[in-house]
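Below is one structure, written out as C-alpha cells; comments come after it.
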Amino acid sequence: MRSRFWIIWMIALSILFSFTSAVSGVEKLDHGLVAVEREDGSVFLSWRLLDVDAKGIGYILSRRCFERALEPATVLIHNFSWRKLPTNYVDKTVENNKTYLYELHRDKSSDSWIQEPDDLLGIVGIQLTGSAKPYVSIPLKGDYDFQKVGIADLDGDGQYEYIIKQPNFNTDPYQQPGYWKKSTTTYKLEAYRLDGTMMWRYDMGWSIEAGIWYSPWIVYDVDGDGKAEVYCKAGVGDPRDEKGLVQGGPEYLVKIDGESGKVVAKTAWLSRDGFTKYNYYCRNFLTVAYLDGKKPSLIIQRGTYKLIKMQALDKNFDQIWYWESAQEEKKYGGQSGHGLITADVDEDGKDELVMGAAVIDDNGKGLWTLEMGHPDVAYVADIDPDNPGIEVFYGIEPRQKTDAICLVDARTGRKLWAHKKPTRHVHGQGMAADILADSPGMEVYAGERDLKQRWLYSAKGRLIEFTKSGSLSPRALWWDSDPQKEVAVSGAIRDWSGEAIQPLEGGVIAVVDCLGDHREELITSLKGELRIYTTTIPSSQRLPCLMQDRQYRLGVAAQTMGYYYPAQLGK
C-alpha cells in the first residue's frame, strides 16, 4: 500500500510541475495544495490564495479514487463560488484504505467546472489509513535530528523545498564551563523535496565549529533567476587548534547552487581585525534586505557585545556599503541582538536592519540606538495599531534599573511604554502576537530565567499577567479559525493558557506558512524525520499567503541564523 501511495504522489507532482505556477513579486509560488487525514476519517484540504489570483476567483475541486488499477474515476467534489472564496474544504465522502488524487482548478465560469489544462492550480494524493496524521512527513537520510530549517524554491517549480542543518548540536563561543564544547562532528546542509527526495548534501567542514554563531546560513533567491541559492560562512581545511578552537585561517561567504548543492562563488567574510576576544569575533550573522526597495541584497555582520561590523553586498558580491559601530558618534557597539531583523521601519519602501537595540538605515548609516545593551527579545511588527507605523518590542538582557522590557516606535526609537522595575537578566526569545481577543493589538511577553518572572503586557503597556513559571520562548502561530494566534508550548498547540488543541512530537524548529491556506505550519525535528504539522480546522477566513508579505518572507529567511524569532508581517 505504501509503494502505491508514493507512485500516486509522484504522478501528482509530475503533472503539477508541467504547468506554469503563479508568480508574485520576486518569488514564484504554486497554490500549495495539501491533503491530510482527520480523526473522523475525512480529508482536510487547503490551498494558498496568491496575490496574482483575481479578486473574484473561484475554485473547482475534483477527486479521483484509485481502486485495483490506475483507472481514475473523476468526481466533482465542490465548485466554490467566487462570492465565498474559501481556501479549505473537508471531504467527508471518502473511504478508509483507499487512495485519492485531488485536483484544484481555477473556475473561470459560473456554470461549468470543465477547464483547460492551464487552469490546474494543484494536485495532491493521499492514502487513507484510518489513523489521523495532521502532518506531512519528510524522511531524512540518516538517524539524526536537525537544528535549523530553511524554506525556499530551489528548482523554480513553485513548490518549496526544505533545507536542514544537521546534527542538532550547538556550542557557544563564551569561554566558561557549560558553554563552549568541542565539536564532535561537522555541520551538514541537506536539501529535500516535499516528497522526500534528497537533492544534495553540503559539508560545512571543520573550519566551521558546530554552533549557531559560527555557522550563519540563509536560503533565498538573491540573484533573481527564479531559483533560490544557499549562502553560508565557510573556511578552508581543518584550522582547529589543540583545544578545538578555530582562531585563524581564511573565512568566506560562499554561494551554493540550490539545485546541485555545489559552491559557485565566494568572497571574503568580515575580518577578525579589531576584536579583542574569541567570544566577540566568533559571533556572525547573515540575512537579506531590499535596500533599494527593488532587489535583494546580502547583509553580513560580525560582533554582538562590543565592536560590530556590517557589510551589504549585491548579488555579485560587490560591496554596496560597509559599516562599523566605531564609526558612529552615538553608542552602537554592543547593541546587537541574537538575530538580525529586516524591516522597512521608516516606510520609505526600503529595508532597514534592526540589529538589536539599534537600527541601521538602508544607506548604511545609524538611524537610532537605545544605548541599553543587547536584547534577547526583539520583535518588529505593527504591535500597537494606534501608533503610526510599526513598533519594536524589546527585552534587554543586561541588568537594568528600569525599562528593560519596552515598546518603541520603530521609526525613531522613542519609547512608547516600559516596564518600570529592575531586571537582572531578561532571557529567551519572548513573544509578540495577538493571542487575546479582548485586548486590542498584539500582546507581548518576556521573562527572567534566574528570578523566575514572566510578564504578559498589552500593546498599550497594561500588565495582563505575571507568573513565575512557563516557557520563556512560546511560539505563536495562526492555527484555528479565529483571528487570534495560538501558541506551541509544552508539547502541544493550544490557546494561551488553554487546553491542548494539537499534540506535537519532536522539537519545534520553525513556524511558517509553507503549505495550504494563510494559517501557519509548525515544523518539528525527530530522529530521521522532518515533520510539518498543518491545521485540519475549517475556516471561512480568506487571506493571502503570508509568504507574499516581504517582511514576513525575509523573517523566514533569517530564521536559519542566530536565535529563532518567528516572522512577523509588515505594516
Just one listed residue, out of Tyr533, Tyr565, is at pLDDT below 95 and in contact with a strand residue (DSSP E or B) (Cβ under 9 Å, 6 or more places away or on another chain), and it is Tyr565
Restricting the range 281-308 to residues that are open to solvent by 10 Å² or more (accessible area, probe 1.4 Å) and free of Cβ contacts under 8 Å to residues at least 40 places away in the same chain, the one farthest from Val222 (Cα to Cα) turns out to be Lys306
Original post:
In this structure, does Gly333 turn out to be on the phi > 0 side of the Ramachandran plot and over 24 Å from the mean Cα position of the chain (by Cα)?
Top reply: no
All conditions in (1) within 24 Å of the chain's Cα centre (by Cα); (2) outside any loop (DSSP other than H, G, I, E, B) are true of Gly389 except (2)
Filter the range 484-507 for residues that are over 20 Å from the mean Cα position of the chain (by Cα) and in a loop (DSSP other than H, G, I, E, B); the one that is surrounded by the most Cβ atoms within 10 Å (Cβ to Cβ) is Trp496
Of the residues in the range 454-470 that are in a loop (DSSP other than H, G, I, E, B) and open to solvent by 20 Å² or more (accessible area, probe 1.4 Å), the one that is nearest to Met431 (Cα to Cα) is Gly470
Of the residues in the range 307-330, those that are modelled with pLDDT of 95 or more and in a loop (DSSP other than H, G, I, E, B) come to Leu307, Ile308, Asp314, Lys315, Asn316, Phe317, Asp318
Going through the range 430-455 in order, the residues found to be within 24 Å of the chain's Cα centre (by Cα) and either over 25 Å from Leu353 (Cβ atoms) or modelled with pLDDT under 95 (or both) are Asp434, Ile435, Leu436, Glu443, Gly447
Flagged in the range 540-557 as more than 21 Å from Asp348 (Cβ to Cβ), open to solvent by 10 Å² or more (accessible area, probe 1.4 Å) and at pLDDT 95 or above, in numbering order, are Leu546
Across (1) surrounded by fewer than 23 Cβ atoms within 10 Å (Cβ to Cβ); (2) outside any strand (DSSP E or B); (3) touching a residue at least 12 places away in the same chain (Cβ under 8 Å), Trp368 clears everything bar (2)
When (1) open to solvent by 10 Å² or more (accessible area, probe 1.4 Å); (2) not in a loop (DSSP other than H, G, I, E, B) are applied to His338, the one that fails is (1)
If we keep only residues of the range 233-269 that are out of contact with any Lys or Arg (no Cβ under 9 Å at 6 or more places or on another chain) and under 15 Å from Leu313 (Cβ atoms), then the residue least open to solvent (accessible area, probe 1.4 Å) is Lys233
Exactly one of Arg475, Arg519, Arg531 is of a type in the set (Lys, Arg), open to solvent by less than 10 Å² (accessible area, probe 1.4 Å) and in contact (Cβ under 8 Å) with a residue 40 or more places away in the chain, and that one is Arg519
Residue hits (the range 104-118; modelled with pLDDT under 80 and either within 18 Å of Asn88 (Cα to Cα) or of a type in the set (A, V, I, L, M, F, W, C) (or both)) are Asp107, Trp113, Ile114
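The values are calculated or read from the model by the stated rules, or taken from the named source; none is laboratory data. Keep in mind that what you see is a predicted model, and the values were worked out from it rather than measured. Every residue, glycine as well, gets a Cβ built from its backbone with ideal geometry; the counts of neighbours run over all protein chains shown. Areas reflect the complete protein model, heavy atoms only, side chains present, ligands, DNA and RNA absent. Shrake-Rupley method; radii C 1.70, N 1.55, O 1.52, S 1.80 Å.
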